[in-house]
Structure formats: structure tokens, C-alpha cells
Amino acid sequence: MKKILIVNGPNLNLLGRREPEVYGPDTMDDILVGVRDRFADVAEIEYFQSNHEGALIDRLHEAAYGSCPVDGVVLNAGGYTHTSVALADAVAAIAPLPVVEVHLSNVHARESFRRQSYLGPVCAGTITGLGAKVYSLAVEALL
Ligand code: DQA
């Protein structure tokens, strides 16, 4: 059984209520039920969400160097994707633990500032714009 950690950044606790026309109608609980069900035989899915940059960084460190390390990380860093050198440094610092960057919306089809990702260069890959299924696609990629 592999252990995969899904990490969501700021404002993603409001999925389902937050701009549903952009991020879809599902809550993160709905999404997690689907992901856990789909990979029940092969992966244990842990979940962490924070609106705070340092808490996200601490959780990534723990994922690699803590007492229960994981096999891979799915990371939706929300707005920090486009701003956070520190979060990108954290992803680089936990290498070779693979991290897949995901976005529910197609960041390339939105405002120009969303086209820049500090995480892209340090992640194993990026999945963007396919709605809630980005999480299961990323887990699949990590198995
Ligand atoms: C997002 C895209 C980001 O640009 C935005 O700041 C988010 C969500 C997405 O999942 O589409 O908070 O990461």
C-alpha cells in the first residue's frame, strides 16, 4: 500500500462554495471520497489543507522527513503557486520525493499572473484545468 499526501493551499477549504463556475461544484470532502474510493486497494490517501504558507512548508518537510514519510505528494498550492519562492524551495528540499502540481482551473486560460508557477520547475509534473479529476490523475501518476 502506497501512501500519498494531498496538500491544498489557501482558499481551497472553500471548494464547493468558492467561485463554483471556476472551480466546480464539489467540496474537497466530495473529491476525497472519490479519490479514496478509487485507489482503496493500492493507496492510503492523506489530506492536509492550510491557508498559511509556513504550515504548508512544515507539512511538506514532514512528508519527507517525518516519522511517517509518504511516497508522493499532490500539491495544489492555490495562489502561492504564483508567488511563493519559499514553497518552491520546500518542494526542492524534499527531493527526490515526487510532487505533482495540480490546479482545478486551467491557469493558462486565465489572468496572465496565473501563467507563472514557481512550483512547475521543481515538481515532477503539472496537471491543470480538468476540474476535480486532477487529484485522481495526479495520484495515478504517483503510483
Ligand atoms: C488554483 C488556481 C490558482 O491560480 C488559484 O489561486 C487557486 C486555485 C486551481 O486549483 O485552479 O486558488 O490553484
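The values are calculated or read from the model by the stated rules, or taken from the named source; none is laboratory data. These numbers were taken from a predicted model, which means no experiment stands behind them. Methodologically, a virtual Cβ is constructed for each residue, glycine included, from the backbone with ideal geometry; neighbour enumeration extends over all protein chains shown. The area values use the complete protein model at the heavy-atom level, side chains included, leaving out ligands, DNA and RNA. Shrake-Rupley method; radii C 1.70, N 1.55, O 1.52, S 1.80 Å.
Summary of values
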| read-out | value |
| --- | --- |
| Per residue accessible area of the stretch 51-143, 1.4 Å probe, in Å² | 45 Å² |
| Amide H partners (placed H, <5 Å) of V102, local residues excluded | L75, N76, A77, I127 |
| Theoretical gain in end-to-end length, S67 to V85 [0.36 nm per residue, Cα-Cα removed] | 3.9 nm |
| Cα→Cβ-extended label distance, 7 Å offset, between L32 and K133, nm | 2.3 nm |
| Simple Cβ-charge dipole of the stretch 1-138, Lys/Arg +1 and Asp/Glu -1, about Cα centre, in debye nearest 20 | 260 debye |
| Using distinct alpha-carbon pairs, which all enter the 1/r mean, Kirkwood radius of the stretch 1-120 in Å | 14.8 Å |
